[in-house]
Amino acid sequence: MSDGCPDSGVRIYVDAAGTITVNGQIVRAADLPQALASLKPHPTEVCYSRANPEGEPPAESMAVMEAIIALRLPVGFYTDGTFKTRVKLK
């Protein structure tokens, strides 16, 4: 498995202000489930990252997690918004 997010994955990033981006496009938390469901082709994996991963997550992170779970896809956690380095889970 490559360290970077595969081309077939969807990249979801939450910045420190709680702004959500899906493949680089800003999406409101309320619109996230529909935005993810409408992706064509359907992603094979979710690549997720957020600003300041050691700190408290923005409130929007819970909506993002719920939308990710609903996709029922494998999830890779990344160190930053470049989606090049996976978090090594212990």
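What to note about this one:
- Looking only at the range 22-44, and only at residues there that are open to solvent by 30 Å² or more (accessible area, probe 1.4 Å) and among the β-branched types (Val, Ile, Thr), the one that is farthest from ALA70 (Cα to Cα): ILE26
- Meets criteria (closer than 18 Å to ALA16 by Cβ, modelled with pLDDT under 95, out of contact with any Leu (no Cβ under 8 Å at 6 or more places or on another chain) and open to solvent by 80 Å² or more (accessible area, probe 1.4 Å)) for GLU60: no
- Meets criteria (open to solvent by 60 Å² or more (accessible area, probe 1.4 Å), out of contact with any Gly (no Cβ under 7 Å at 6 or more places or on another chain) and under 17 Å from ALA70 (Cα atoms)) for PRO53: no
- Flag for GLY9 being surrounded by 15 or more Cβ atoms within 10 Å (Cβ to Cβ) and more than 21 Å from GLU56 (Cα to Cα): yes
- Residue satisfying condition, being in contact (Cβ under 8 Å) with a residue 12 or more places away in the chain and exposed (fewer than 15 other Cβ atoms within 10 Å of the Cβ), within set ALA17, ALA67: ALA17
- Highlighted here are the strands (runs of 3 or more DSSP E) found entirely within the chain that include at least 3 residues which are touching a helix residue (DSSP H, G or I) at 6+ places or on another chain (Cβ under 8 Å): 9-14, 45-50.
- Qualifying positions in the range 67-90 - over 15 Å from GLU45 (Cα atoms) and charged (D, E, K, R): ASP80, LYS88, LYS90
The values are calculated or read from the model by the stated rules, or taken from the named source; none is laboratory data. Since we're looking at a predicted model, the values are computed, not measured. So basically every Cβ, Gly included, is an ideal-geometry build from the backbone, and we count neighbours across all protein chains shown. Accessible surface areas use protein heavy atoms only, side chains included; no ligands, DNA or RNA. Shrake-Rupley method; radii C 1.70, N 1.55, O 1.52, S 1.80 Å.
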